[in-house]
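These notes concern the structure reproduced below.
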Amino acid sequence: MPKKIKVLWVLTSIVIVLGFFFTSIKFQVQQSREDHKRRAEESRIAYEEKLAKRKAAMALSKKVENIREMVASGKNKKAIILAKEVVEKDPENALARTWWAVALVNLKKMDEAIEMFKASSSKDPNQAKTYQFWGLTLVKMGRYQEAIDKYENALLLEPENSNGFTYWGAALGQMGRHKEAVEKLIKALDLNPFNKLAYGVLVDSYFHLGDYPKAWETVKNAKKQKLTIPEGTLSRLRKVSPEKG
């Protein structure tokens, strides 16, 4: 092969190789840019979806709070309508079901309320509030031992809940188990020395045990905390004990 042709062939080969090389680099750069744009777009979409979910969750949380306020103000039927709306949008929402159940209790629909408490606990077994209201409902139905079981469930989740021990003590008192009731009520007051209900139930428990000095001592302790005992409880105590609170 003549020298000039050989040189030309080599140069041509080099040009072709360089052409492929630069074309490959250009393609890779372009591909990298497209990948970057795609990832950026995916990140933007993911962020917007996350933001939308957060806003939706906040809106539902606000509605659940509205349900609670409706129940507290006696607007039970409206509370149930809103609870249904929340549950339709968020089938796993346990707290909406709990307030729905409380509204049913207020409407004297006890059996329906119990079923709703069951549904709530199945969605979220870690809601102490559900078990506590469930227990209070069972007390209204005269099912005291079942109520105690629910209070125990609530206290396993919130062991420092003074009201839980108060309700437990009150249920024991309804069953005539006043010594056990005293233990729970003292525990309630250890956790919260300003628990007015616990003082009242404790005075009543001492009354039924015939321990009138302890009953009056509890009355005095309540007064030290600037709390009052129900007049009916004091009236019963005064009839059997001359000591005044």
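Every number here is computed from the coordinates shown, using simple stated rules; none is lab data. Not measured: the values here are computed from a predicted model. For neighbour counting, all protein chains shown are included, and Cβ atoms are generated from backbone atoms with ideal geometry for every residue, glycine included.
So which of Lys84/Lys118; Lys129/Lys226; Lys140/Lys196 end up more than 23 Å apart by C-alpha?
Checking Cα-Cα distances, Lys129/Lys226 exceed 23 Å.
Go through 160-171, 108-119 and give me the packing order, highest mean Cβ count within 10 Å leading.
160-171, 108-119
With a point put 7 Å past each Cα toward its Cβ, work out how far Gln31 is from Val240 in nm, to one decimal.
9.1 nm
Classify region 82-153: rounded, prolate or oblate, from the alpha-carbon gyration tensor (a ≥ b ≥ c, eigenvalue square roots; a/c under 1.5 rounded; otherwise prolate if a/b is larger than b/c)?
oblate
When the Karplus curve 6.51 cos²θ - 1.76 cosθ + 1.60 is applied with θ = phi - 60°, which whole-Hz ³J(HN,Hα) does each residue of region 218-225 get, with x for Gly and Pro?
5, 4, 5, 5, 5, 5, 4, 8
Assign one of three labels to region 160-245, namely rounded, prolate or oblate, based on the Cα gyration tensor with a ≥ b ≥ c the square roots of its eigenvalues; rounded applies when a/c is under 1.5, prolate when it is not and a/b is larger than b/c, and oblate otherwise.
oblate
Report Rg (one decimal) and Dmax (nearest whole number) for region 97-245, counting Cα atoms only, units Å.
Here Rg and the maximum Cα pair distance are 16.4, 54 Å.
Sort 214-222, 174-182, 201-209 by the packing proxy (mean of other Cβ within 10 Å over each peptide's residues), most packed first.
Output ranking for 214-222, 174-182, 201-209: 201-209, 214-222, 174-182.
Where the only charges are on Cβ atoms (+1 Lys, Arg; -1 Asp, Glu), what is the dipole of region 33-185 about its Cα centre, to the nearest 20 debye?
That gives a dipole near 540 debye.
Once you wrap a convex hull around the alpha carbon atoms of region 59-123, what is its projected area averaged over all directions, in nm²?
With every direction weighted equally, the projected area is 3.6 nm².
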